[in-house]
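To keep things clear, I will list the structure first and then write my remarks on it.
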Amino acid sequence: MKKIGKDEILFEKSFKARIFLILFFPIVALIYLSIYYMNARYHDLQEASTFMLSAQITKSISELVHNLQIERGVSSGYIVVQDKSLYRGKLLKRRALTDESYAIFLKFVSMKTDKIETINRLTFQQYEKNIKLALEQLHGLSTLRASIDDSSISFLEEAHFFRDSNAKLIAIIH
């Protein structure tokens, strides 16, 4: 049996220490870079998710504006025509489609998520302000419809209401 000397033990310990130091810093750097990379990808995923929600909101606004435009046209015809029965069925169908689009729009704008807050921050707080203006305008839709039904509104007043509603909706995505 060979006797191990003090110098050999120190060499062995210092060798282990050198190997440890050689491997320690690259491993720490690898762990740090991995965490940094995963954090950056997670941030990218969150941002993409926010933009996807923004695109869905934009689509719902687009469909609502489209249906309001068609309802405006049918309502205009209803106001000026003598025989209201010609337009009544079309008007009711169009209103149902507009109401459906409006409900989808309301679903999106009533969401309270961090993505909505991010959209609001990215639009310099204009998102919520423009939504409030659009909702205030659309709140008068039922009153307008009642006035159209009994033909107590002029063509110009009706056209202005729909124009203003659409302008406020478009301002949300501008």
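The radius of gyration of the Cα set in the stretch 55-173, together with its Dmax, comes out at 15.5, 52 angstrom. Per-residue Karplus couplings for the stretch 60-66, computed as 6.51 cos²θ - 1.76 cosθ + 1.60 with θ equal to phi - 60°, are listed in order as 5, 5, 4, 5, 5, 4, 4 Hz, Gly and Pro entered as x.
How big is the charge dipole of the stretch 55-173 about its Cα centre, in debye rounded to the nearest 20, if each Lys and Arg gets +1 on its Cβ and each Asp and Glu gets -1 on its Cβ? Could you put the intermediate results ahead of the total?
Values: 17 positive and 14 negative charges, 54 e Å.
Roughly 260 debye, rounded to the nearest 20.
Please report how far the C-alpha centroid of the stretch 86-101 lies from that of the stretch 28-44, rounded to the nearest whole angstrom. Using only Cα atoms to place each centre, the spacing works out to 53 Å. Across the options His174, Ser147, Gln137, the greatest Cα extent toward the positive end of the charge dipole of the stretch 122-174 (unit charges at beta carbon of Lys, Arg, Asp, Glu) belongs to His174.
Net charge dipole, the stretch 17-99: roughly 320 debye, given to the nearest 20, about the Cα centre with Cβ charges of +1 for Lys and Arg and -1 for Asp and Glu.
Readers should treat all values here as calculations from the given coordinates under stated rules, not as data from a laboratory. All values derive from a computational prediction rather than experimental measurement. Reconstructed Cβ throughout: ideal geometry from the backbone, glycine too, with neighbour counts over all protein chains shown.
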